[in-house]
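Okay, so here's the structure we're looking at.
The values are calculated or read from the model by the stated rules, or taken from the named source; none is laboratory data. Just so you know, these numbers come straight off a predicted model, no measurement behind them. Note: ideal-geometry Cβ built from the backbone for every residue, glycine included; neighbour counts use all protein chains shown. The accessibility values were calculated without ligands, DNA or RNA, using every heavy atom of the protein model including side chains. Shrake-Rupley method; radii C 1.70, N 1.55, O 1.52, S 1.80 Å.
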Amino acid sequence: MIKVLHPGFYSTIQDLGRYEGQNFGVPMSGVMDRRAAILANRLVGNTEHAAVLEVTMLGPKLQFDVDVVLVITGGNLQPKLNGKSIQNNKYTRVPKGSILSFGHFITGYRAYLSIKGGFKTAQVLGSYSMYQGVSPKNRIEKGAVLEVFKAMAQDQNAFARLRVDESYISSQVLEVYKGPEFDRLSVTEQALLLEKTYTISKYNNRMAYQVEDVLPNGLESIITSPVLPGTVQLTASGQLIILMRDCQTTGGYPRLLLLSETAIAILSQKPTGGQFVFKLI
């Protein structure tokens with residue numbers, strides 16, 4: 001068992017998402033940065049679908065009542081075990097009674113904590129991911145006790161050969177595909193969309209990221225249509241909205257672009273004020 005002494009800014013249990021509820025309007029949810037989460041699970045010896053703890057901006061403080069093995073990946077949120085710094089991407093043995101804490105982010109914005117065996121929460125529609133109105137809790141809370149699955153004995157060296165590349169975390173280039181309504185923009189509007197450098201506004205969360213910049217356009221709303229995480233919508237006022245993992249399943253704004261999986265990971269690691277550009281592929 002793992003006791004939550006402090007929950008941090010916004011910490012949730014997530015896996016790779018919920019694929020059995022879109023026809024009922026249930027968001028996919030799942031980890032924002034799949035690249036980091038899958039790496040964490042692979043380094044600790046789990047399957048890539050095992051549930052992890054997603055930590056945003058300011059991490060939690062956790063007390064371990066059992067011996068565990070863990071790996072932390074993604075953003076550098078200054079993790080410490082019993083007051084001593086530990087490194088990201090390292091297989092770390094944690095004795096019973098230990099306390100794991102985090103500081104403020106140095107690089108990146110989200111970190112991923114994988115425990116050998118994986119976190120155990122309520123499974124709803126085939127996923128352990130927390131989401132308000134679907135799972136019993138939408139985030140971890142102070143005083144909560146987190147359960148983990150019993151881990152199978154494995155050799156640490158089996159995972160030591162994995163190559164770790166974190167360069168994407170600092171990238172400002174989001175590779176995108178054309179969305180269904182992209183060609184409704186004029187040639188001038190298309191060029192402006194792809195040439196601008198965008199700044200992330202304070203309105204950013206697991207549902208969507210908004211940007212401070214406005215893109216003038218004459219597009220009208222569309223008939224409510226399917227949307228996915230990574231869909232870039234444009235409102236009539238020129239506001240760009242980039243849907244993320246907890247987004248709705250349908251929308252009525254023109255869908256100009258669709259982020260690649262790597263682009264979603266890059267964007268999820270950027271805080272308010274972070275900048276990026278689109279690159280059409």
query = Ignoring ligands, DNA and RNA, what percent of the accessible area of the chain is carbon or sulfur (1.4 Å)?
reply = 52
note = For segment 238-243, Karplus-derived ³J(HN,Hα) couplings (6.51, -1.76, 1.60; θ = phi - 60°; whole Hz; x for glycine and proline) come out as x, 7, 8, 10, 9, 6
message = Quick query: amide H of V148 versus all other amide H atoms, modeled in the peptide plane; which residues come in under 5 Å with a sequence gap of 5 or more or a different chain?
response = K120
remark   = Once the in-chain neighbours fewer than 8 apart are removed, the lysines whose Cα is under 23 Å from K279 read K178, K196, K270
task = For T231, list long-range residues whose amide hydrogen, built 1.01 Å from N in the peptide plane, is under 5 Å from its own amide hydrogen.
result = L243, L259
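Counting only other residues whose beta carbon sits under 13 Å from that of L243, what net charge do I get with K and R as +1, D and E as -1?
Values: positive: R206, R245, R255; negative: D246.
Taking every Cβ under 13 Å from that of L243, the sum is +2.
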key: Within segment 87-103, backbone nitrogen closer than 16 Å to the virtual label 7 Å beyond the Cα of H6 toward Cβ   = 99-103
message = Going by amide H atoms built from the backbone, whose H comes under 5 Å of the H on K61, apart from near neighbours?
response = L5, H6, G8
task = Please turn the phi angles of segment 81-86 into ³J(HN,Hα) values with the Karplus equation 6.51 cos²θ - 1.76 cosθ + 1.60 (θ = phi - 60°), one per residue in order, whole Hz, x for glycine and proline.
result = 10, 6, x, 10, 4, 10
ask   = Which aspartates and glutamates have a Cα less than 19 Å from the Cα of K96, not counting those fewer than 8 places away in the same chain?
value = D65, D67, E147
Unit charges on C-beta of K, R, D, E only; dipole of segment 213-281, Debye = 120
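Rolling a 1.4 angstrom probe over the protein heavy atoms, how many square angstrom per residue are accessible across segment 86-205?
Details: 7070 Å² over 120 residues.
On a per-residue basis, 59 Å².
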ask   = Around G17, what is the net charge, scoring Lys/Arg as +1 and Asp/Glu as -1 over all other residues with Cβ under 13 Å from its Cβ?
value = -3
inquiry  = Just to be sure I understand: with springs between alpha-carbon atoms less than 10 Å apart, which residue in L53, L259, L215 has the highest mean-square fluctuation in the Gaussian network model of the chain?
reply    = L215
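Using the structure shown, list the pairs from K84/K137; K150/K202; K3/K84; K3/K202 with a Cα-Cα distance above 28 Å, or answer none. Provide the component values of the computation, followed by the final result.
On the way: K84/K137 31 Å; K150/K202 40 Å; K3/K84 19 Å; K3/K202 31 Å.
Correct reply: K84/K137; K150/K202; K3/K202.
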inquiry  = Could you give each residue of segment 213-218 its phi-based ³J(HN,Hα) in whole Hz, using Karplus coefficients 6.51, -1.76, 1.60 with θ = phi - 60°, and x for Gly or Pro?
reply    = 7, 10, 10, x, 7, x
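By the scheme Lys and Arg +1, Asp and Glu -1, what is the net charge of all other residues having a beta-carbon under 9 Å from that of E261?
Details: positive: R34, R35; negative: none.
Computed value for this residue: +2.
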key: Hits among aspartates and glutamates - C-alpha to C-alpha of K61 under 12 Å, sequence gap 8 or more where chains match   = E141
inquiry  = Probe radius 1.4 Å, ligands and nucleic acids left out: which of V4, V187 has the largest accessible area, and how do the rest follow?
reply    = V187, V4
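Taking only protein heavy atoms into account and a 1.4 Å probe, give the accessible area per residue of segment 6-65 in Å². Can you show the working numbers first?
On the way: 2040 Å² over 60 residues.
Roughly 34 Å² per residue, with all protein chains present.
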